[in-house]
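Down below is the structure, laid out as structure tokens.
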Amino acid sequence: MPFKFWFAYKRLSGEYDDNMYQRCNGNMDIIMLFAGLFSAVNTAFIIAMQPNPADTTNDLLVQFMQNTWNGSSVTQPVALSAPLAYSSSKIWMQVLAYTSLTFSLLAASGAVLGKQW
């Protein structure tokens, strides 16, 4: 008689565990998909917030060409564009963007670890 109970328990718990495994596996797929998409969009915004390094490069190239055309071996200092002063709101936006990117990548990593387990 007690064996019937354990056989029934094993059958019911196996069905429940299989159902739960399928649900969790599907949820982790969705989490990985959305975390990956969010990370890609967030990275694009972070890149757009960065200063343009081409300005300094262009100033240095102009100085190099002037020295080459003038034939002078001594470099005359050319005023480079002033470094950008960041406002506190822009700094906070970048902090939040990097923080959200970090959490998104942690969520994707957690989902990958969960799927491998």
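The values are calculated or read from the model by the stated rules, or taken from the named source; none is laboratory data. These numbers were taken from a predicted model, which means no experiment stands behind them. FYI the Cβ positions are ideal-geometry reconstructions off the backbone, even for glycines, and counts take in every protein chain you see.
Results for (1) out of contact with any Leu (no Cβ under 8 Å at 6 or more places or on another chain); (2) surrounded by 10 or more Cβ atoms within 10 Å (Cβ to Cβ); (3) of a type in the set (Ser, Thr, Tyr); (4) modelled with pLDDT under 75, shown as yes or no for each residue.
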position: Gln66; (1), (2), (3), (4): yes, yes, no, no
position: Ser81; (1), (2), (3), (4): yes, yes, yes, yes
position: Gln94; (1), (2), (3), (4): yes, yes, no, no
position: Tyr98; (1), (2), (3), (4): yes, yes, yes, no
position: Ala107; (1), (2), (3), (4): yes, yes, no, no
position: Gly110; (1), (2), (3), (4): yes, yes, no, no
position: Lys115; (1), (2), (3), (4): yes, yes, no, no
**Report entry** Conditions (1) surrounded by 10 or more Cβ atoms within 10 Å (Cβ to Cβ); (2) of a type in the set (Gly, Ala, Ser); (3) modelled with pLDDT of 85 or more; number of the one not met by Ala48
**Finding:** (1)
